[in-house]
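Here the structure is laid out as structure tokens; the discussion comes afterwards.
The values are calculated or read from the model by the stated rules, or taken from the named source; none is laboratory data. Note that the structure is a prediction, hence the values are computed from the model and not measured. Cβ atoms come from the backbone with ideal geometry, glycine included; neighbour counts cover every protein chain shown. The area values use the complete protein model at the heavy-atom level, side chains included, leaving out ligands, DNA and RNA. Shrake-Rupley method; radii C 1.70, N 1.55, O 1.52, S 1.80 Å.
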Amino acid sequence: MKNIAIIGTGYVGLVSGAGISDFGHKVTCVDISKNKIRLLNNNKIPIYEPGLDELVKKNMSKGRLIFSSDIDNAIQNNEIIFIAVGTPQKENGEADLSYIESVSEVIGENLNNYKVICTKSTVPIGTGNHIIDTIKKYNKKKIDFDYVSNPEFLREGSAVKDFLWPDRIVIGTEKQSTFNIMKEVYRSLIINNKSLVHTNVPTAEMIKYASNSFLALKVSYINEIANLSEVLGADIHQVAKVMGQDGRISPKFLHPGPGYGGSCFPKDTEALVSLSKKEGIQLKTVEAAIEANIFQKNHMVKKMKKLMGGDFSSKKIAVLGLAFKPNTDDVRESASIDMIQEIINAGGSIKAYDPIANISMSAIFPDIDYYESWEEACKDADGVVIMTEWNEFRGLSLEILKSLLKEPVLLDTRNIFSIEKLNEFNFRYDNVGRKHL
Ligand code: UGA
């Protein structure tokens, strides 16, 4: 059993902390936000993430998971320190490393015996060296430490599952002895024969950016092929399905939609491009993925406008789904933001509903109307746009939907409805990449 501190209780820190404590280690999760720690100590999880509540409660009750705002003590009393603080995006696309910087200083100041310092946050390639230098600068007593890059591959909405059953665990460290310590942390997963990969630090950092950028590129690619398919009369679902049957391509991340969002793909692609520019290397493919994504979000607005007769003014539009994907309350970079903004700018009004994310979206759009059910949001609306593929929308009755709307107008940006059904109920509709109207 290892004694581990995790600095930062955002979704990465909290899921990792709960997951690692579930492996049997003693974990102290710390955060500078006293309010967050108070909530957690009162059994309140500050984010919506399926299964996290149970995992946290279970391990707290076993005494293996502790929450504290005393960062100094957590560093001094633990042998492995995970850095899991946020790296938001700066105006110029670069990652803002100020939290990483200040945590590195605090770690340096509090080193009192040998420790492994491990970064989980997504940091630009080369940041590891900077963290090491900063810790050394503040480590006045010259205590020995080693550094590891251990990027996470958690998807919001299935982060607990991804943590407990990962495809791979990447441990970036120059030393075999440090790798062996980290192997102990993930021992219960290794018993299950999960692949643990030993790399150097920059390779681990690059794997994270290369993976996210590739997935973003894959989504942008299928979105562009979808746009072309619908013009040519091809069915994107069949195209994607058969493409995916080629093992070299794989069927995952080939679902067309309104453009990717979230806290990772938009930020990480921008950060990688910005880093590559600094190095004088052009990443044309990643730049194109970003551009195609901006186009796609805008393309959805145009589709909706066309369905509404070319004008949003004085139209009441129901927006179903605000989160950037299902099973999360995160609305960061969600395509629904662009849709709502454009409708408002053009003089329309919004009737919004998301099973979980109404509150998060109200921080961005405090003045639009939020409802507690899709039925209320759609009542008397001039049209409806589906922005997130929540299960409850997949199952909704088109007959009831039609009876609620003023006009049976629907844009399905996630292709969750069958075209036959939409035709059967005489909807004026559009979707992404399948024949319509
Ligand atoms: C992503 C990666 O998938 C994780 O592996 C990574 O750890 C995480 O970023 C991170 O860096 O922390 P996440 O942003 O939670 O995870 O969500 P994804 O499931 O990857 O979806 C991203 C966006 O792409 C969503 O807007 C989603 O709707 C869209 N998408 C995804 C599609 O439009 N089509 C697809 O086929 C797949």
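Here the Karplus curve 6.51 cos²θ - 1.76 cosθ + 1.60, taken at θ = phi - 60°, turns the phi angles of region 212-218 into couplings of 5, 5, 5, 5, 4, 5, 5 Hz, with x standing for Gly and Pro. Cα centroid separation, region 89-164 to region 20-54: 20 Å.
Amide hydrogen proximity for Ile169: with H placed 1.01 Å from N in the peptide plane, the residues at 5 or more positions away or on another chain lying under 5 Å are Ser195, Leu196, Val197.
Could you tell me which of the pairs Lys2/Lys34; Lys34/Lys90; Lys34/Lys120; Lys161/Lys402 are separated by over 32 angstrom between their Cα atoms in the structure shown? Beyond 32 Å: Lys161/Lys402.
Of Lys277/Lys306; Lys303/Lys379; Lys284/Lys325, which sit over 31 Å apart, Cα to Cα?
Lys277/Lys306
Taking amide H positions as modeled 1.01 Å from N, with prolines and chain starts lacking one, the residues under 5 Å from Asn415 and 5 or more places away or on another chain are Val432.
How big is the dipole moment of region 339-419 about its Cα centre under a simple scheme where the beta carbon of each Lys and Arg is +1, that of each Asp and Glu is -1, and everything else is neutral? Debye, nearest 20, please.
The dipole magnitude comes to about 160 debye.
Compactness of region 188-324 is given as radius of gyration and Dmax, 18.6, 61 Å, from Cα positions. Okay, helix-only estimate at 222 nm for the chain: each DSSP H run of n ≥ 4 adds -39500 (n - 2.57), divide by all residues, round to 500 deg cm²/dmol; what do you get? Calculated at 222 nm, the ellipticity per residue is -14000 deg cm²/dmol. In a simple Cβ point-charge model (Lys, Arg +1; Asp, Glu -1; nothing else charged), region 29-165 has a dipole of about 480 debye relative to its Cα centre. Between amide H atoms placed 1.01 Å from N, distances below 5 Å from Asp369 occur with Ile350, Ala352, all of them 5 or more places distant or on a separate chain.
Couplings for region 421-431, taken from phi via the Karplus curve 6.51 cos²θ - 1.76 cosθ + 1.60 with θ = phi - 60°, read 5, 4, 5, 4, 8, 6, 6, 8, 9, 8, 8 Hz in order; Gly and Pro are left as x. For the chain, the dipole from Cβ point charges (+1 on Lys and Arg, -1 on Asp and Glu) about the Cα centre works out to 940 debye, to the nearest 20.
Averaging the sequence gap over all C-alpha pairs within less than 8 Å and six or more residues apart, then dividing by the number of residues, gives region 225-366 a relative contact order of 21 percent. Partner aspartates and glutamates whose Cα lies under 14 Å from the Cα of Lys302, excluding those fewer than 8 positions away in the same chain, are identified as Asp311, Asp338, Glu342, Asp412, Asp430.
Packing here is the average count of other Cβ atoms within 10 Å per residue, and on that basis the peptides 114-122, 139-147, 278-286, highest first, run 114-122, 139-147, 278-286. Hull volume per residue, based on the alpha-carbon atoms of the chain and their convex hull, is 151 Å³. Compare the Cα positions of Pro151, Thr199, Phe253 along the charge dipole of the chain (+1 at Cβ of Lys, Arg; -1 at Cβ of Asp, Glu; about the Cα centre) and return the one farthest towards the positive end. Result: Thr199, furthest along the dipole toward the positive end. Normalised by residue number, the volume inside the convex hull of the Cα atoms of region 82-127 is 71 Å³ per residue.
Rounded to the nearest 10 square angstrom, Tyr429 shows an accessible area of 10 square angstrom against a 1.4 Å probe.
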